[in-house]
Amino acid sequence: LLETFAGQIALAIERSQRAEEAEAARVAVETESLRNTLLASISHDLRAPLAAIREASRALNDPDTRPDAETRAQLARSIDAKAREMSELISNVLDLMSFEVGEVHLRRDWQRVDDLVGGALARLEGRFGERTVDVALPAELPSVYADAPLVTRVLFNLLENAIKHTPPETRITVSAGIEGEAVRVVIDDNGPGLPPGQPERLFAKFYRGRDEVDVGGAGLGLAICRAIVNAHGGQISAMQRPGGGARFMFTLPTAAPAP
């Protein structure tokens, strides 16, 4: 009887070890796949701004062309814009990695929603082009208990996403309302709307809603939005806007979490 029990225990241990080995192999394959996807995505999205910076720098330093003051200013602005684009890409990657390994600690305080929206709009100043931006925030809207820089990042990413995927004449609206013990923030546009398929896929890492030839970015902006909102205990979603266009919504708590 003891020999039988010992044999059964040995088989159970062996099966457990094999299951652990299989799981470790699966994780290793997924990690390698993620690493390759990340490297390919970053390489692709850094190549274009690096090429633009190189060409602009070459034009500035070419003694034969002798660009005038206005041309030099345009080239300098181009270098600055492309450098900012590269910085934002790297920042997105680092932020998402920090969230996934649990290294981000929220620094919450009571924040006014209009201040958060204003901060995001200020960072995007000059990038809306001919698009109209309307802000409709009720005066009685309560404060939210949130990490201001991170929530501003969510708003920035969503608004930047609207800029990337809509034509110049698009109207973008930022509104908010009370929903239970939370505030729901809504960003609408009357552009072409969401791509076919499940809207939830938009928040997956490296997913692009439009063909990558037309729209830059590593496909991390919305994934970071979801990570930040989830860390606050809120929810984020996307849907086709009634009447045409896209709608992104997320909630933030209006009450401090229980200790």
Note down the net charge around ILE178, summing +1 for each Lys or Arg and -1 for each Asp or Glu among other residues with Cβ under 12 Å from its Cβ.
-2
Estimated distance in nm for a label pair at ALA10 and ARG72, the labels positioned 7 Å out from Cα along Cα-to-Cβ:
8.4 nm
If each residue of separation counts as 0.36 nm, what is the full-extension length gain between GLN198 and ARG123 once their alpha-carbon separation is subtracted?
24.0 nm
Express the accessible area of the chain per residue in Å², computed with a 1.4 Å probe while the remaining protein chains stay in the model.
59 Å²
With a 1.4 Å probe and all protein chains in place, put MET249, MET97 in order of accessible area, largest first.
MET97, MET249
Taking only protein heavy atoms and a 1.4 Å probe, the highest-to-lowest accessible-area order of HIS165, HIS105, HIS232 is HIS105, HIS165, HIS232
Inter-label distance for ARG58 and ALA83, nm, one decimal - labels placed 7 Å from Cα along Cα-to-Cβ:
2.0 nm
Summed side-chain charge close to ALA148 - residues other than ALA148 whose Cβ falls under 10 Å, Lys, Arg +1, Asp, Glu -1
+1
Starting from the Cα coordinates of the chain, work out the convex hull volume and express it per residue in Å³.
204 Å³
With just the Cα atoms defining each centre, how far is region 53-82 from region 146-184? Give it in Å.
34 Å
What share of all Cα pairs of region 45-127, in percent, falls into each consecutive 5 Å distance bin?
3, 12, 13, 14, 16, 14, 9, 8, 5, 3, 2, 0
Non-local amide H neighbours of GLY191 (under 5 Å, H modeled in plane, Pro and chain starts lacking H): which ones?
ALA246
For the chain, the accessible surface attributable to carbon and sulfur atoms (probe 1.4 angstrom, ligands and nucleic acids excluded) amounts in percent to 54 percent
The chain - mean residue ellipticity at 222 nm from DSSP helices (-39,500 (n - 2.57) per run, n ≥ 4, rounded to 500)
-18000 deg cm²/dmol
Listed by chain and number, the residues whose amide H is under 5 Å from that of VAL133, excluding neighbours fewer than 5 places away on the same chain and using placed H, are ILE172
Springs between alpha-carbon atoms under 10 Å, Gaussian network over the chain: tell me which of ALA223, ALA48, ALA69 tops the mean-square fluctuations.
ALA69
Going highest first, how would you order 55-64, 155-164 by mean Cβ packing within 10 Å?
155-164, 55-64
Using just the Cα positions, wrap region 97-177 in a convex hull and report its mean projected area in square nanometres, one decimal place.
6.2 nm²
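The values are calculated or read from the model by the stated rules, or taken from the named source; none is laboratory data. The structure displayed is predicted, hence computed values, not measured ones. Don't worry about glycine lacking a Cβ; one is built from the backbone with ideal geometry, like all the others, and counts go over all protein chains shown. Heads up: the accessible areas ignore ligands, DNA and RNA and are worked out on the full protein's heavy atoms, side chains in. Shrake-Rupley method; radii C 1.70, N 1.55, O 1.52, S 1.80 Å.
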